[in-house]
Amino acid sequence: MLTRYCVALLFVPIIPEMLHALGHKTLGIIFGFGDFALFTARSFAAVVKPKRLGRRVIRAVYEQGTVCLPVILIVGMFTGLVLGLQGYHILQRFGSESLLGALVSLSLIREMAPVLASLMLVGQAGSALAAELGIQRNTEQIVALETMGVNSLGYLVSPRLLAALVVFPIQTALFVVIGLWGGALSGSLLLGVDSGIYWSSVEQAVEARDIRECFIKAASFGLLAVTICAYQGFHADRCSSATGARAVSAATTRAVVLSSIIILVADYVISSFFV
């Protein structure tokens, strides 16, 4: 009994400190969510009063779309090739090689195309956005814009959000198309599946709700990813204990990691409504 009493006395001073640390961490998380929600709302509200918005949106579309097009095409092609190869050998066990087109198309449209395309765009365009805004914050360019009376969110963030609504669905559609051709190349030309049966299976399997789910996911992932990357870069000075170039590096890394995680979480949530 005496030993237990002594051990309990040793832990008594630690418990308040643990509760204090837990409460402080919880409040920090709640504050972060609230600040992010306010940042998102202000970014969308800034679209109402645009100044040369069209030119900035076109530039954002180029940065997110044209620049990232090669990686989308390459990843989409090899994703289709792998799906065709693995799908053929799986279906062959059950004598259902004729369903290869359905397997490839539904796998791409429902899950792999919106997720992988968004992850590729985050890795290239999202990281560039976070780094650019982080450097602008670090060199006080954002402060200079606000001093001149320019809405920094409307000037720097809003065009990127509007561009994401256009670019992410289009890039996802391109990913699907090139992935289907990759599956046809792998299944028909390399493994001997009749091309007519392959494309007929694709046509019979894909429904309007599958395409709708794909575009909803792509647009949602785009908004989430671009907002998170913009938020991390915009607040690079206060989101890290580091300063200067290290703060920009930390903000960029955090933007890519958080965006990737949120995309996977959102994919599960959206999929649960369509299944």
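The values are calculated or read from the model by the stated rules, or taken from the named source; none is laboratory data. Computed from a predicted structure; not experimentally measured. Note that we place each Cβ from the backbone using ideal geometry, even for glycine, and neighbour counts take in every protein chain shown.
Some observations on this one:
- Cβ-Cβ distances below 6 Å connect the following pairs, each with a first residue in segment 244-262 that is under 21 Å from F33 (Cβ atoms) and without any contact (Cβ under 8 Å) to a residue 60 or more places away in the chain, a second residue that is β-branched (V, I, T) and assigned to a helix (DSSP H, G or I), and a separation of six or more residues or different chains: L258/I228.
- Residue in segment 39-53 that is loosely packed, with under 14 Cβ neighbours inside 10 Å, assigned to a helix (DSSP H, G or I) and of a type in the set (V, I, T) present: yes
- Any hit, segment 201-213, residues being farther than 25 Å from A41 by Cα and among the polar types (S, T, N, Q): yes
- Hits in segment 205-219 - residues which are part of a helix (DSSP H, G or I) and surrounded by fewer than 20 Cβ atoms within 10 Å (Cβ to Cβ): A205, A208, R209, D210, I211, R212, F215, I216, A219
- Checked against the criterion of being surrounded by fewer than 16 Cβ atoms within 10 Å (Cβ to Cβ), part of a helix (DSSP H, G or I) and of a type in the set (V, I, T), the candidates V202, V256, V265 yield just one match: V265.
- Candidate set from segment 58-82 (those that are touching a residue at least 24 places away in the same chain (Cβ under 8 Å) and not hydrophobic (A, V, I, L, M, F, W, C)); member that is nearest to Y155 (Cα to Cα): R59
- Condition check for L185: touching a residue at least 12 places away in the same chain (Cβ under 8 Å) and closer than 22 Å to G123 by Cα: no
- G244 being surrounded by 24 or more Cβ atoms within 10 Å (Cβ to Cβ), of a type outside the set (V, I, T) and over 17 Å from E111 (Cβ atoms): no
- Any hit, segment 18-29, residues being under 22 Å from the mean Cα position of the chain (by Cα) and modelled with pLDDT under 80: yes
- One residue stands out in segment 145-183 among those that are modelled with pLDDT under 90, buried (at least 18 other Cβ atoms within 10 Å of the Cβ) and of a type in the set (G, A, S): the one that is nearest to I58 (Cα to Cα), namely S158.
- Every residue from segment 144-173 that is closer than 20 Å to L133 by Cα, out of contact with any Ser or Thr (no Cβ under 9 Å at 6 or more places or on another chain) and small (G, A, S): A144, G149, S152, A163
Okay, residues lined up against (1) touching a residue at least 40 places away in the same chain (Cβ under 8 Å); (2) more than 23 Å from L153 (Cβ to Cβ); (3) under 11 Å from the mean Cα position of the chain (by Cα):
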residue: L91; (1), (2), (3): no, yes, no
residue: V104; (1), (2), (3): yes, yes, no
residue: L108; (1), (2), (3): yes, yes, no
residue: A131; (1), (2), (3): yes, no, no
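- Residues of segment 64-89 satisfying the condition of being surrounded by fewer than 21 Cβ atoms within 10 Å (Cβ to Cβ), modelled with pLDDT under 90, within 24 Å of the chain's Cα centre (by Cα) and assigned to a helix (DSSP H, G or I): G65, T66
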